[in-house]
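Below: the structure, in structure tokens.
The values are calculated or read from the model by the stated rules, or taken from the named source; none is laboratory data. Being a predicted model, the structure only gives us computed values, none of them experimental. Please note: Cβ atoms are built from the backbone with ideal geometry, for glycine as well, and neighbour counts cover all protein chains shown.
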Amino acid sequence: MALVVYQFGDFSLHPGRCELSRMGRRLKVERKPLELLILLVTNHGKVVNREEIARCLWTQEVFVDIEHGINTAIRKLRQTLGDSSDLPRYVQTISGSGYKFIAPVTIVETDVPGPAQSLPDPVDPPPVEPEFTTAASVPAVNRPSRTLWLITALCTFLLVVFAAFTLGSHHRPGDRNEHATIHSLAVLPLQNLSGDTTQDYFAAGMTDELTMQLAHIEGLRVVSRTSAVFASQSQRSLPQIAEALNVEAVVEGSVLRSGNKVRITAQLIDARNDKHLWSQSFEGPASDILSLQDTVAHEIATRTRVALTGADRTRLSNSRTIKPEAHDDYLRGLYFIQRREPERAAQYFQNAIDLEPTYAPAWAGLAQAIMLESVAGSKPAKETMAPAMQAAKRAIELDPESGEAYIALGANEMTYSLDWSATERDLRRGIALSPGDPLGHAYLSLYLTTVNRPDEAVVAARRALDLDPLGFFTNRNLGAILYYDRRYDESRAALRRAAEIAPDRFEFVEGWNAAIDEVQGHYADAVDAHLHALSANFPPNELKGLRAAFAAGGWRGYQQALIRFLLPKGSTCYSGDLAMSYLRLGQIPTAFRWFQREADGYCVFSRQLSSDPLLDPVRHDPHYLAYQDRLHLPH
């Protein structure tokens, strides 16, 4: 007969035998702490409030101080497990509510020993210090004390109930390490166990760092945090999440910071058969957080059975001590990058640098944040160019093996300089060092489009999407690159996925839909898509005239009205739109004056005319050739 056994850390809990063992040795555990452990473990990951504990364990006891009894049982249980309340590994106190079992739990099947078998003698747990409490007594209903056989019956009943939900796909002990090599995984958002929502940034940042460390490993495809977060927010099961992300395994876990200590708990789950392969907790001082992270990443990598190169091992053992305050600011910077708040991210990265001037990741983050300030329009490109480039170069000086720094440098060179060979060199160097960074491949695809190598650009864009399958930017970027490669049906499909992922960012999708409609001669559809994109920035009453102009004057009338509408806005952001309208009207010299103005504003799309199908009619025009020469681009 097979029974369920719950395994966590070095412990095995047998509810059917009312037995707790550690590394094969049975422990002596008092009745109430053992009943409480069964209740918590079978509800692992969920908060069990004190009322529920009282109802299950003490409702019919004789005049018991239940509050005192719960406190004593918790204290004795922690003593047995070697746990602590300030930095819990197994039982976490949820202030004002109850308790939660937080350690990863593996559920396996085991055979019930026959009558001829004997169990080892139980081992006494460490002595429990006396507990003092001022809790008031809670009256209860009278009934005789339960005997041992009744406790066993209760445990067996609990076993039957929980077995109905847990039997089936869980592995037997003999299968625990027998698994095929894992070549792809996703790190799901680590849980914040502090109970303080203001610490969410810490868990999010730790997730980012663990993802980036694993993504450096040459033989392992690691999905970006953006996609992992998006997938985990759905109601999907773990196998369904893995299927959506196209990965073989997932890592989940938690982080807890208490005072100057940090604990990371992680578990690796093979999604191909829904098996828990490994789980472990890691604890250390906050000043050694980088070393602690490396240890976690190394353990996970080892469990995947991917062959680690010498470079991989070096990266995972090259940590330094760091001021906890600097690391904390760095994590806040990562958090606000994810929230698309580059100004706040830049400030936190700068704070980290002020505390630790040789902290290379903070310099790389600062380079990215400053560049994104320009992309988001919060600062003019001319203000961000120099500091962004300097930050990227400083990061490389401090850490020549930083892929993120090279990618940031290459992206800045693509945006701000005309040295296209340096752009390609640094982007490819960054990708070689950080092959799992989707931004590196996405930036490379934009560069390849700029120099009119659209077929190669599609390959790079698809690689970015492979690493970030549920990311808005990677899907939208692939749609744009496919448009440049004249693969319009595929482009629409990618743009549709982007719109489904982030409906609120429709303006970044509809512009490309309008371009496809125009190339295909569907002018009414192009107007609809273009007006929809403009509606993100202008109220409907301001756009009525544009629609009326199309109804009255067709495509040409719409372009004339659009010029009259945009000219007073006086923003470089609309220079490209004005240039295209003048081009459609046949006013080529004026069009290229506006294209040049857009290029002077460091708009990356102004440099991709080499591949744009809408420019095909003017490829041999002197104004087009002169423009390409000024930007050192191929004709």
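Of all positions in region 572-592, none carries a residue that is of a type outside the set (Ser, Thr, Tyr), in a loop (DSSP other than H, G, I, E, B) and buried (at least 20 other Cβ atoms within 10 Å of the Cβ). The helices (runs of 4 or more DSSP H) located wholly in region 280-387 that include 3 or more residues which are under 22 Å from residue 225 (Cα atoms) occupy 289-304, 324-338, 342-355, 360-375.
Here are 107, 102: which of them is modelled with pLDDT of 85 or more and β-branched (Val, Ile, Thr)? Step by step, each of 107, 102 is checked, and only 102 is modelled with pLDDT of 85 or more and β-branched (Val, Ile, Thr). Among the residues of region 230-250, not one is modelled with pLDDT of 90 or more, closer than 17 Å to residue 276 by Cβ and surrounded by fewer than 18 Cβ atoms within 10 Å (Cβ to Cβ). Only residues that are surrounded by fewer than 18 Cβ atoms within 10 Å (Cβ to Cβ) and either within 25 Å of the chain's Cα centre (by Cα) or at pLDDT 85 or above (or both): list them for region 90-99, please. Once the filter is applied, which keeps residues that are surrounded by fewer than 18 Cβ atoms within 10 Å (Cβ to Cβ) and either within 25 Å of the chain's Cα centre (by Cα) or at pLDDT 85 or above (or both), region 90-99 yields 93, 94.
This table checks each residue for (1) surrounded by fewer than 20 Cβ atoms within 10 Å (Cβ to Cβ); (2) part of a helix (DSSP H, G or I).
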site	(1), (2)
401	yes, no
405	no, yes
410	no, yes
421	yes, yes
435	no, no
441	no, yes
449	no, yes
452	yes, no
458	no, yes
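Enumerate the pairs (first residue in region 96-116 and farther than 19 Å from residue 281 by Cβ; second residue anywhere and at pLDDT below 60 and in a strand (DSSP E or B)) with beta-carbon separation below 6 Å, excluding pairs fewer than 6 apart on the same chain, so at least 6 apart or on different chains. Going by the 6 Å Cβ cut-off, the qualifying pairs are 109/2. Go through (1) out of contact with any helix residue (DSSP H, G or I) (no Cβ under 6 Å at 6 or more places or on another chain); (2) closer than 28 Å to residue 9 by Cβ for residue 271 and report which single condition fails. Residue 271 satisfies all of (1) out of contact with any helix residue (DSSP H, G or I) (no Cβ under 6 Å at 6 or more places or on another chain); (2) closer than 28 Å to residue 9 by Cβ except (1). The residue that is farthest from residue 67 (Cα to Cα), among those in region 19-53 that are surrounded by 21 or more Cβ atoms within 10 Å (Cβ to Cβ) and touching a Cys at 6+ places or on another chain (Cβ under 8 Å), is 38.
Among the candidates 286, 271, the residue that is touching a residue at least 24 places away in the same chain (Cβ under 8 Å), of a type in the set (Gly, Ala, Ser) and in contact with a His (Cβ under 8 Å, 6 or more places away or on another chain) is uniquely 286.
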